[in-house]
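Read through the structure below, which is laid out as structure tokens, and then see the notes.
Coordinate-derived values only; no laboratory data. Since the structure is predicted, the reported quantities are computational estimates derived from the model, not experimental observations. Heads up, the Cβs are rebuilt from the backbone with ideal geometry, glycines too, and the neighbour counts pull from every protein chain shown.
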Amino acid sequence: DENGLVTVDNGTVKVGISIGDITYTKSITVSTIHDEYWDAMQPYIEKCLGTPYVFGGETPGTALDCSGYVSYVYGNVGLTSGRYTAQSLYDSCTKTDDPQPGDLVFFTGTYDTDAYITHVGIYAGNGEMYHSGTPNKKSSLNTGYYKAHLVGYGTMISEGSRKPVTGGYST
């Protein structure tokens, strides 16, 4: 009404009301389930940075391949259980044209195999992903190589998802 004000700015809702000469304000930070999962993933993503790429690898700091990396991060926050392949992650997720940080990004034809999906990373926002490359790192999706092999994006996170697990099965 004429005495109240509501604004939204970068996920913060500000509610204010004036009564006479006194103004009351309250700020509320709004987060989505994607934000919560993305925040929960950060220590596991950090632990993997710099790990050498080794096909079949699943140990941060020693050896990781792309699906071992995603299985490690996703497993620690409660999105998956066990070891997935890039293809099985693709088959299990909901495809999306609006990826959010923490979603998956899929590629085909990155090496010779019968599988359609040959590489997977974790979308970081702003056209970037974390993935098990040479070594595990953050990379831009805007290179000719990744554009040529990009299949699309998928999510295992929804508004109905339970809260992320903390303290997962980290090794």
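Packing here is the average count of other Cβ atoms within 10 Å per residue, and on that basis the peptides 68-80, 90-102, highest first, run 68-80, 90-102. At q = 0.16 Å⁻¹ the log10 of I(q)/I(0) for the range 1-92 amounts to -0.71, computed by Debye summation with a single uniform scatterer per C-alpha, solvent ignored. Pairs spanning more than 27 Å between alpha-carbon atoms, out of K14/K47; K14/K163; K26/K47; K95/K147; K14/K95: K14/K47; K26/K47; K14/K95. Taking every DSSP helix (H) stretch of at least 4 residues in the chain, weighting each as -39,500 (n - 2.57) and dividing the sum by the residue count yields a mean residue ellipticity at 222 nm of -7000 deg cm²/dmol. The long axis of helix 66-77 is offset from the longest Cα principal axis of the chain by roughly 40 degrees.
Debye calculation, C-alpha points only, no solvent: report log10 I(q)/I(0) for the chain at q = 0.08, 0.14, 0.17, 0.20 Å⁻¹, in the same order as the q values. So the normalised log intensities are -0.31, -0.72, -0.98, -1.31.
All C-alpha to C-alpha distances of the range 43-114, sorted into 5 Å bins beginning at zero, yield P(r) values of 3, 15, 25, 26, 20, 9, 1 percent in whole numbers. Counting only alpha carbon atoms, the long axis of helix 33-48 and the longest principal axis of the chain meet at about 40°.
Set against the 2.2 N^0.38 Å expectation for a compact globular protein, the range 61-152 has a Cα radius of gyration ratio of 0.99.
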